[in-house]
Every structure is written in structure tokens, then in C-alpha cells.
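What follows is calculated from the coordinates using simple rules that are stated; it is not laboratory data. Keep in mind it's a predicted model, so treat the numbers as computed, not measured. Positions of Cβ are generated from backbone atoms using ideal geometry, with glycine treated the same way; all protein chains shown enter the neighbour counts.
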Protein chains: 2
Amino acid sequence: MMDEPQALAAFAALAQENRLRAVRVLVKAGPEGLPAGVLASAVGVSTSNLSFHLKELEHAGLVHSRREGRSIIYGAAYPALSSLVAFLMKDCCQGHPEVCAPAVAALGPCCQPQGATA
Amino acid sequence: MMDEPQALAAFAALAQENRLRAVRVLVKAGPEGLPAGVLASAVGVSTSNLSFHLKELEHAGLVHSRREGRSIIYGAAYPALSSLVAFLMKDCCQGHPEVCAPAVAALGPCCQPQGATA
DNA sequence: TCTAAATTTCAATAAGCAATGAAATATTGA
DNA sequence: TCAATATTTCATTGCTTATTGAAATTTAGA
């Protein structure tokens, strides 16, 4: 469950070009994550600058890190991302399921929960 | 389909307490929308200040407005919100459906698309 | 047309954030 | 312990954004 301060921190973290790119690269990279240096190349910024942004993202709870040898591996915090989506779209329908069903459909192709057919 | 500049504008718009509140009130209000004055009371700011924030939200494409008599009615731009969610979570699974299925489940209670059972 | 209601605009003030490069820290292997 | 690799830290500089209250705009109704 996400509260307002957490959501604000998360949105602020995502409202920056290089941070948004970093998160999206990590989301696509999957649970394994990526070393900081690889991520810096993928995003297209200096390691110094990326480090600054990763600290912001980690503080916002959107990524986590672990050391592996000389590298620090960063990964997307999927539960936080899910909670953020839920926070934003909570109670979105109010008797009009069609207004936010597209949000569900948008996540569809790779993430079918139990029993979905579409 | 949302591109990076649009997503950045949307996240920046959501990264402000009063704007995030306004959007959430509108999301819950449904397709009918709410007059600016009512929204200002709901959010807890002056009409002048809310007007500033609504302009930002509208510019980011997250809300739309229409005049009705003396009032201006604001409503959530549901398609933009859905696209934003999709942009953030695109290609999230990479062979691990369980990592982002919770994002789908989070939208579940009110927005079951065709055939979902959970 | 005059007044009231609803909202926006404007100018001024105040505060927080990103980019840069050099130096520091931590880990590994010889 | 020494050198190399990977990453973070720090200080400086420059830019963008929020708040406030008064004045202006637009619509409605008598």
C-alpha cells in the first residue's frame, strides 16, 4: 500500500529524463537487474551523474541495489511500481468500467493474471 | 501511444501535492468531472492556485475542461492515464509474468476486462 | 446595462534540483 | 601491499517551479 508522500516521491523521481530512462531500462531488464556502469551506458550519462539519479530513485523506493563483486547491481522495484499504478488509478471506475479498463489492457500482453482470456 | 516527452510532462505534473490530489479527486469523480471551485475545496487550495495547477495538468494532457454556464468543468483524461501506465510498465515481464501481474491485479476490483476471473 | 458569481491572469517573492569533473572509497587479484 | 576496476561523493554553477493576493475576464440574470 502506497501513501501520498511515497507517491509524490515516486512521481518526482520519474519526472526526470535520465531517471525515467533508467527505470524503464531496469523494468525491461527483468529481476536480475544491471550493474551501474552498464546502466549508465544504456541511459547515456556519466557514471557520476547516473549515481546521483540512482540515489534519488532508490530513496523513492523505485529501485534497489546489491553489491556483486566490484559491481553494484540495480533492479526495478516491481512491487513499488505496481503500488504506484494502483494509487493513481484507485477507484477509477465509479460505475463506468470502460474508462479504466484500457489501463488493464495496456498491461495485458505479458502479464495475464489467473484466468484472463483477452 | 505515449512518447517520452509526454510521459515526462505527465510525471512532472503528478509530482506536486496539490496536482496529484486534484487528479485523484477527478479520477474518483468519474467521467462527469467537477467544477473548478468544487475541486479547489476538495483539494484545499485557493481557486487562484488551483487554476495554476490545472493549467499544468491540462498542458500535460492529464485533465480536460469544458465550460458549462459560469463554471468550468474539469475531468480526468483516462486514456492519457492508461497510456502513462502502459509506458512505464511496457515489456515488464521478460519471461517472469509474476513480477508485474500485481500491477494488473491492483486495477482489478473495478476494471475487469473481458473474461477475467480474479 | 448593472451586479454578482466563477475562474483566470499577472507580478513578485522564495525555494529546490540537475550537470560537471575531480577526488575519494571499496573491491579484486597478483 | 600495490595497481586496476567500479562506483560514489562533493562543491560549484545555473535553471525551473510554487505561492500569494490583487486585478482582469467571462457568463448569467434582473
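Taking the label point as lying 7 angstrom from Cα along the Cα-to-Cβ axis, what are the distances from B:Ile72 to the corresponding position in the remaining copies, in ascending order and in nanometres?
4.5
Helix B:47-59: angle to the longest alpha-carbon principal axis of chain B, degrees 0 to 90, nearest 10?
With rounding to tens, the tilt is 40 degrees.
With 10 angstrom as the radius, rank A:Leu39, B:Leu34 by how many other C-beta atoms surround their C-beta, starting from the fewest. Please report the intermediate quantities before stating the final value.
Values: A:Leu39 24, B:Leu34 21.
With the sparsest Cβ surroundings first, the list reads B:Leu34, A:Leu39.
Rg(Cα) of the protein assembly as shown divided by 2.2 N^0.38 Å? Kindly include the intermediate steps, with their values, before the conclusion.
Working: Rg = 18.2 Å, N = 236, 2.2 N^0.38 = 17.5 Å.
The reported ratio for this selection is 1.04.
Given R₀ = 41 Å, FRET efficiency for A:Gln94-A:Phe52 by Cβ-Cβ distance, to 0.05? Write out the running numbers ahead of the final one.
Details: r = 41 Å, r/R0 = 1.00.
That gives a FRET efficiency of 0.50.
Using a Cα distance threshold of under 29 Å, what count of lysine pairs results for the protein assembly as shown when pairs must be 8 or more residues apart or interchain?
11
For a distance above 24 Å, tell me the whole-number percent of Cα pairs in chain A that qualify. Show your work: numbers first, answer last.
Numbers: 2360 of 6903 pairs.
Summing the P(r) tail past 24 Å for chain A gives 34 percent.
Separation of segment A:1-73 and segment B:71-111 by C-alpha centroid, Å?
20
Relative to the longest principal axis of the C-alpha atoms of chain B, give the angle of the C-alpha long axis of helix B:17-29, reported between 0 and 90° and rounded to the nearest 10°.
Result, in degrees: 80.
Between copies, how far apart are the B:Gly95 label points? List them in nm, one decimal, shortest first, with each point 7 Å from Cα toward Cβ, please?
Spelled out, the distances from B:Gly95's label point are 4.8 nm.
I need B:Glu56, B:Glu32 ordered by Cβ neighbour count within 10 Å, fewest first.
On the way: B:Glu56 17, B:Glu32 10.
Least to most surrounded, the residues fall as B:Glu32, B:Glu56.
Tell me the relative contact order for chain B as a rounded percent, counting alpha carbon contacts under 8 Å between residues six or more apart. Can you show the working numbers first?
Working: 109 pairs, mean separation 30.0, N = 118.
Dividing the mean separation by the residue count of chain B yields 25 percent.
What is the helix-to-structure angle for A:4-14, meaning the angle in degrees between its Cα long axis and the longest Cα principal axis of chain A, kept from 0 to 90 and rounded to the nearest 10?
Approximately 60 degrees, to the nearest ten.
Sort shortest first the distances from B:Phe52 to its counterpart in every other copy, using label points 7 Å along the Cα-to-beta-carbon line, and give them in nm.
2.6
Compute, for the protein assembly as shown, the length of the dipole vector about the Cα centre, with Cβ point charges of +1 (Lys, Arg) and -1 (Asp, Glu) only. Units Debye, rounded to 20.
Working: 18 positive and 18 negative charges, 46 e Å.
Dipole size: approximately 220 debye.
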